[in-house]
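Enquirer: Take a look at the following structure, please.
Throughout, read-outs are computed from the coordinates displayed, never taken from laboratory work. Please read these numbers as outputs of a predicted model, since none were measured by experiment. Here the Cβ positions follow ideal geometry from the backbone for every residue, glycine too, while neighbour counts run over all protein chains shown.
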Amino acid sequence: MTEKLLSLKNEVRTALAKVGSVHEVNEIKAHYLGKKSPLQGILAKMKDADIEEKKILGKSINEFKNFVEEELSLRLDQIAALEIKKQLKSERVDVTLPGKKFSLGYKHPLTKVTEEIEDIFIGMGYEIAEGPEVESDYFNFELLNLPKGHPAREMQDSFYIDNNYLLRTHTSPVQARTMKLAKGKPVKIICPGKVYRRDNDDATHSHQFMQIEGLVVDKDITMADLKGTLTLLMKNMFGDNLEIRFRPSFFPFTEPSVEVDVTCFKCGGEGCPLCKGSGWIEVLGAGMVHPNVLEMSGYDPNLYQGFAFGLGIERITMLRYGIDDIRYFYLDDPRFLRQF
Ligand code: DAH
C-alpha cells in the first residue's frame, strides 16, 4: 500500500506539471483526494489490516494528503503568477503612441467684437452694466419717453410674455435702470446684451440680435462729448482714415437725435454696392438724453445732461469682416467660426 501511495505521489506531480489553469488543478484535486479517488480503495482495505499496519498506513495516508495539498497550492501560486504576467503584457500601455487630438474652440466673432468695444470703453473709465432680457413695458418703453400709444413703439414690435412683460427690444432700458440705481449721481456705462424684435429673419434681420448701449450723465455734458467719444470708437474699430458723419434723426429718448455714418471702408467713399452708392455706412443711433428721460429717472434736467448711443454688434461685425449674411452668426458652423 505504501508503494502504491508513492507511485500516486509521482502521478500527482506529473499531472500538475502538465496543467496551466485553476480549473485543471481543481480537477486533479478531485481525482486524487475526492470520493472516487484511488485513496478510497486504500482506505477501504484498511478495515482488514491489523493495528500496527493501520498505524503505519494511516500515517502514510495523512502524509499523502498533505503532500497533495501542498503540491496543489504550489501549482496554484505558479499559475496565478503566470496569469498576472500575461495580463501585464496584454494591458501594457505604449507611451510612444501618438496622443488623441482635441480641437481647440474659437471665440465667436460677436464675442470678440463685444470684448474689443468693452476694452475701448473701460479704457475711458466706463463701467459695464447689465439688465434683464425679459423686461417690463415700464423700463423698455415708458421710462424712455415712449408712453402707451406712441407711434414710435410700432417700429419695435416684440415678443410679449403678458401685458406688462416682453423680451426687450433694445438695450436702452438699462439706461433707466442704471440711472435709478445711481440715485442722482453721475453715470458712465456701456451695456452689451441680447435684444429681440418681431422681425422676419433674412440676410440683415434677426428676431434676436445684440446691441451695446452707452450712457453718460453728468454736469456739463455736451454734444461735443458725444461726437468725440463716438469718433474715437469708430477710429478704433475701423481705422484712423475714416470720416464720421452725424445725421439728424429721431428717437423719443434723445433730443437732439443723430444717426452716425462712417465712410464706406470698401470703396473709401467713392460709392459701391456695399454703401448703396452713397459712400457712407450707417453704424449707430445716438443723441443727447431727453430731459423727460432724465427727470423720470430722478435727475434734474436743468443741472444734468447726458448723451447716449446704441449700436448693433452684428452690424458692426458684418461691416468689420465683410460678412454678408447675419444668419452665419447663429449657425455654429466651425468653417465660418474658425476664420476669426
Ligand atoms: N435703442 C435704439 C434702437 O434700438 C438705438 C439707440 C438710439 C440707442 C439712440 C440710444 C440712442 O441710446 O441714444 O433702435
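Enquirer: If the limit is 30 Å between Cα atoms, which of K107/K180; K183/K227; K101/K194; K148/K276 go over it?
Expert: Long pairs (Cα-Cα over 30 Å): K107/K180; K101/K194; K148/K276.
Enquirer: Give me the angle, in degrees from 0 to 90, between the Cα long axis of helix 22-33 and the longest principal axis of the Cα atoms of the chain, rounded to the nearest 10.
Expert: With rounding to tens, the tilt is 20 degrees.
Enquirer: Sticking with this structure for a sec: Relative to the longest principal axis of the chain, what angle (0 to 90°, nearest 10) does the C-alpha long axis of helix 2-18 take?
Expert: Result, in degrees: 30.
Enquirer: Quick one: if you take sqrt(5λ) for each eigenvalue of the C-alpha gyration tensor of segment 125-243, what semi-axes come out, biggest first, whole angstrom?
Expert: 26, 20, 13
Enquirer: Are there cysteines in the chain with no other Cys C-beta under 4.7 Å, and if so, which?
Expert: That list is C191.
Enquirer: Along each of its three principal axes, how wide is the spread of alpha-carbon positions in segment 33-145, in whole angstrom units, largest first?
Expert: Here the spans come out as 124, 43, 25 Å, largest first.
Enquirer: Using the C-alpha gyration tensor of segment 2-90, what are the square roots of 5 times its eigenvalues, in whole angstrom, with the largest one first? The partial results should precede the final answer.
Expert: Numbers: eigenvalues 213, 25, 17 Å².
Working through the eigenvalues yields semi-axes of 33, 11, 9 Å.
Enquirer: Starting from 0 in steps of 5 Å, tell me what percent of the Cα-Cα pairs of segment 293-335 lands in each bin.
Expert: Going out from 0 Å in 5 Å bins, segment 293-335 shows 5, 16, 18, 12, 7, 7, 9, 12, 10, 4, 1 percent.
Enquirer: Then there's this: State which stretch of the chain is the longest one without any exposed trypsin sites (Lys or Arg not before Pro), exposure meaning a DSSP loop state and at most 10 other Cβ atoms within 10 Å.
Expert: 220-340
Enquirer: To continue, here is another question. Okay, helix-only estimate at 222 nm for the chain: each DSSP H run of n ≥ 4 adds -39500 (n - 2.57), divide by all residues, round to 500 deg cm²/dmol; what do you get?
Expert: The helix contribution divided over the chain gives -13000 deg cm²/dmol.
Enquirer: Could you give the radius of gyration (one decimal) and Dmax (whole number) of the Cα atoms in the chain, in Å?
Expert: Rg and Dmax of the chain, Cα atoms, are 44.2, 133 Å.
Enquirer: Report, in whole Å, the centroid distance computed from the Cα atoms of segment 214-268 and segment 293-340.
Expert: Value for the Cα centre distance between the two parts: 13 Å.
Enquirer: Moving to a separate point now. Between 0 and 90 degrees, rounded to the nearest ten: what's the tilt of helix 51-90 against the longest Cα principal axis of the chain?
Expert: Approximately 30 degrees, to the nearest 10.
Enquirer: With +1 assigned to the C-beta of every Lys and Arg and -1 to the C-beta of every Asp and Glu, and no other charges, what is the dipole magnitude of segment 2-90 about the Cα centre in debye, to the nearest 20?
Expert: So the magnitude is around 260 debye.
Enquirer: Determine the dipole magnitude for segment 222-340: charges of +1 sit on the beta-carbon of Lys and Arg, -1 on that of Asp and Glu, nothing else is charged, the reference point is the Cα centre, and the result goes in debye to the nearest 20.
Expert: 380
Enquirer: Here's another thing I want to ask about it. So if I take the centroid of the Cα atoms in segment 133-150 and the same for segment 104-119, what is the distance between those two points in Å?
Expert: Between the Cα centre of segment 133-150 and that of segment 104-119, the gap is 30 Å.
Enquirer: Nearest 20 debye, what's the magnitude of the dipole of segment 109-337 about its Cα centre given +1 on Lys and Arg Cβ and -1 on Asp and Glu Cβ?
Expert: Computed charge dipole of segment 109-337: roughly 240 debye.
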